[in-house]
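Contents: one structure, followed by commentary.
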Amino acid sequence: MIIRWVSEDGKRKWLYPIEKDIYSHGKIIKQVSHKAKIIGITKVNIPSPLHPIIPYYVMLLEDEYGNRLPKKTMKSRKIGDVYEIKPATSNGAVIITKIKYDINAYLKESLNLLNSYDLNDDDKILIKPSIIEPAHPYQSVNTNPKILDAIICHLKEKGVKDIIVAEQSMLGNDTIASSKKAGILDVCKKHDVQFVDLSKSNFIEKIHDDFKFNIAKEVLERKIINVPVMKTHTQIGISGAMENMIRVVDEKTQKEMYTHDIEKTLPKLIKTLPGFLSIGDTTIGMHGNGPTYLGEPAFLNMIFVSKDPVALDTVFTEIGIFEMPNYIKIAGIIGAGNNITKDIEIVGDELEASKFHLKIPEKNISAHPNIELIDGKANPYIFNSALKSTAKLVGLLGSKMQLVIGSHFTEDMVKGKNRLVAYGNDAIKKIKDLGLNVVAEIPDDIDDIEKLMLIKSILENPDKTKLDAKDKLFSKIGKIGTKLKQSLN
C-alpha cells in the first residue's frame, strides 16, 4: 500500500499525514493505492544489522498516481511486473504489515486482508490490550494507545456500538494506575468506551484436561480482539498473543498455572478459550530482558494480525530469530494452533524480508547487579515482587546473593550458590524438598516492605548465613516506619 497526502491543487505531496496546506489553505486529499508497478530493482549482497539475510532485493514501486516507494523483497522480480498484496485464503493466515506514519490506514488494510472476519453492528466486542504495569507508552511495556485508538475507530466505522476494553495488570500491580499511565484510559475516555478491570470480574469455571480455569465472564460472552505487545520474556522466551491471554483468568488460576508449569498450562488455556482475533502490536515492540521495564524498545514499526494466536507467535519467533519457546511447541502438539512455519500462510510483507536479530532475554536477570534471580517459572505475583524489590535496592551495591523464585528449578541451577534466599511459598517448598540450606525463607504473605528489608539486610552483610530474630524485628519496625511516613505525607 502506498499513501500520499496531496494538496487540493495537486502541486504538493507529503509522505506523512498533513491536516492543512499552509500554502494554498486548501483541502488535503489522501491518495491510497493497493497496486503498483515495479520500475526498478536492485540486488543487495552485503548484510547489515537491520538486514542480516542476503541476498535480498530492493524494488522501486510506482502506483497509478506516480507515487513511488522502495520495498524490500527476498524474491527476484522483473521490471514491469505488477506488485499487489492479495487477501488471505486460510483462517490461520498471519498478516505482516510494516507501518509508515498512518497506523489507522495500515491497521484497516491488514484487517481487510483477513479471510472471513466479519464485523456486524450488533456484535459485542471486548478489546484485550496488554497493560502489565505503570509505564509510559514509549517504554513499549504496554499496548500502544495509538493502536487501541485505531481499532476502536475501525469498529465504529463498521457500526459496532457495544465495545469494552478489558484487562487486569500483572499480579501485584494496580490495573487502573497502570492503564492511566499507559495512556489507555485517555483513549477509552475519548471514545466513550468502558474500561473493565478483569480482576474484579465474575469468573466461570471451564475444565480442560483436568485443569480448572476460572475465566472472566465478559471474555466468554463477547467477541474478543486480543492486542498483545510483541515482546521478549525472561521466563518463557516471548510474550505475545498466547501469553497475553493469561490475564483473562483469576489470580488463583494464574498462580496455579505457574505452579503446574506455565509452558504446559498456557496451551491448555488457549484451547479452552473461544476463538479470538489477535492484533500483535509491534509498532514499537520490545527485545532484551522483557516483558517489564527491564526490556528495551525494538522500534519495529509493524503489526501482525491472525485468528491463530499460535501461528502469530510462531511468526514473531521467526522474525526475531529466536529459538521457539516450549509452550509454542506444546501448543502445536495439542492442536491449539499451527506452529509449523512452512504451513502458515503469510500475507503482506514477506517473513524472510522482515527478519531482524532481536536481543534474546537473559535468564535469571534482575534490576540489581548483585542480586541474581534463579527463576523456576515463578507466578506473576512473585516474579513482579522480586523485580520491584531488586529495583528498589539498586543504590545499595552490597554482596552477591541469589533470590530463588518459583518451583520449577533443579538442584543444578542452585549448585555452588551459597547465598540463597527462598522467595515465595513455591520456592520454599521446593528448597525443602531438595534439602538445601538457605540464608532466609521469605513467604508470600508478609508485607512487601518487610520483604525488602529482609533482602536488604542480607545484601549488605556478606557474612550473614541465617536471618535471626533481630533481622525480622528490624524489618517489622521498618514496615511500621515506612507506613507512618506515607500516612503523614
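The values are calculated or read from the model by the stated rules, or taken from the named source; none is laboratory data. Note that the coordinates shown come from a computational prediction; the quantities given were computed from them, not determined experimentally. All Cβ positions, even for glycine, are placed from backbone atoms using ideal geometry, and neighbour counts span all protein chains on display.
Quick notes on this structure:
- Residue in segment 398-411 that is out of contact with any Pro (no Cβ under 7 Å at 6 or more places or on another chain), farther than 27 Å from Asn461 by Cβ, of a type outside the set (Ser, Thr, Tyr) and modelled with pLDDT of 95 or more present: yes
- Residues of segment 259-271 include none that is within 24 Å of Asp174 (Cα to Cα), among the aliphatic types (A, V, I, L, M) and in contact with a Leu (Cβ under 9 Å, 6 or more places away or on another chain).
- Restricting attention to segment 69-84, the residues that are assigned to a loop (DSSP other than H, G, I, E, B) and either buried (at least 17 other Cβ atoms within 10 Å of the Cβ) or not aliphatic (A, V, I, L, M) (or both) add up to 6.
- Those residues of segment 399-424 which are outside any loop (DSSP other than H, G, I, E, B) and over 22 Å from Ala367 (Cα atoms), in sequence order: Glu411, Asp412
- Any hit, segment 336-352, residues being in the same structural domain as Met302 (by TED's automatic domain parsing), basic (Lys, Arg) and closer than 20 Å to Ile270 by Cβ: no
- Residue that is farthest from Gln31 (Cα to Cα) [pool: residues in segment 85-118 that are assigned to a helix (DSSP H, G or I) and free of Cβ contacts under 8 Å to residues at least 60 places away in the same chain]: Asn112
- Among residues of segment 43-63, those that are surrounded by 13 or more Cβ atoms within 10 Å (Cβ to Cβ), of a type outside the set (D, E, K, R) and not in a loop (DSSP other than H, G, I, E, B), counted: 8
- Residue that is modelled with the lowest pLDDT, among those in segment 46-79 that are under 22 Å from Val347 (Cβ atoms) and of a type in the set (Val, Ile, Thr): Ile53
- Of the listed requirements (1) in contact (Cβ under 8 Å) with a residue 60 or more places away in the chain; (2) within 16 Å of the chain's Cα centre (by Cα); (3) crowded, with 18+ Cβ neighbours inside 10 Å, Tyr138 misses just one: (3).
- The set of residues from segment 288-332 being assigned to a loop (DSSP other than H, G, I, E, B) and on the phi > 0 side of the Ramachandran plot comprises Phe299, Asn301, Ile321.
- Here segment 434-465 is the region considered, the condition is being exposed (fewer than 14 other Cβ atoms within 10 Å of the Cβ) and either modelled with pLDDT of 95 or more or touching a helix residue (DSSP H, G or I) at 6+ places or on another chain (Cβ under 6 Å) (or both), and the residue that is farthest from Leu373 (Cα to Cα) is Leu434.
- If you go through segment 386-401 and keep only what is within 25 Å of Asp412 (Cβ to Cβ) and surrounded by 19 or more Cβ atoms within 10 Å (Cβ to Cβ), you end up with Ala386, Leu387, Thr390, Met401.
- Test for Lys432: is it among the charged types (D, E, K, R), in the same structural domain as Gly395 (by TED's automatic domain parsing) and part of a loop (DSSP other than H, G, I, E, B): no
- Here Gly66 fulfils each of the conditions (1) in a loop (DSSP other than H, G, I, E, B); (2) closer than 19 Å to Gly280 by Cα apart from (2).
- Residue count for segment 62-95, restricted to those that are among the charged types (D, E, K, R), more than 35 Å from the chain's Cα centre (by Cα) and farther than 26 Å from Leu114 by Cβ: 2
- Any chance Ile184 is buried (at least 20 other Cβ atoms within 10 Å of the Cβ), more than 26 Å from Gly335 (Cα to Cα) and over 20 Å from the mean Cα position of the chain (by Cα): no
- Gly40 being without any contact (Cβ under 8 Å) to a residue 60 or more places away in the chain, assigned to a loop (DSSP other than H, G, I, E, B) and not assigned by TED's automatic domain parsing to the domain that holds Glu221: no
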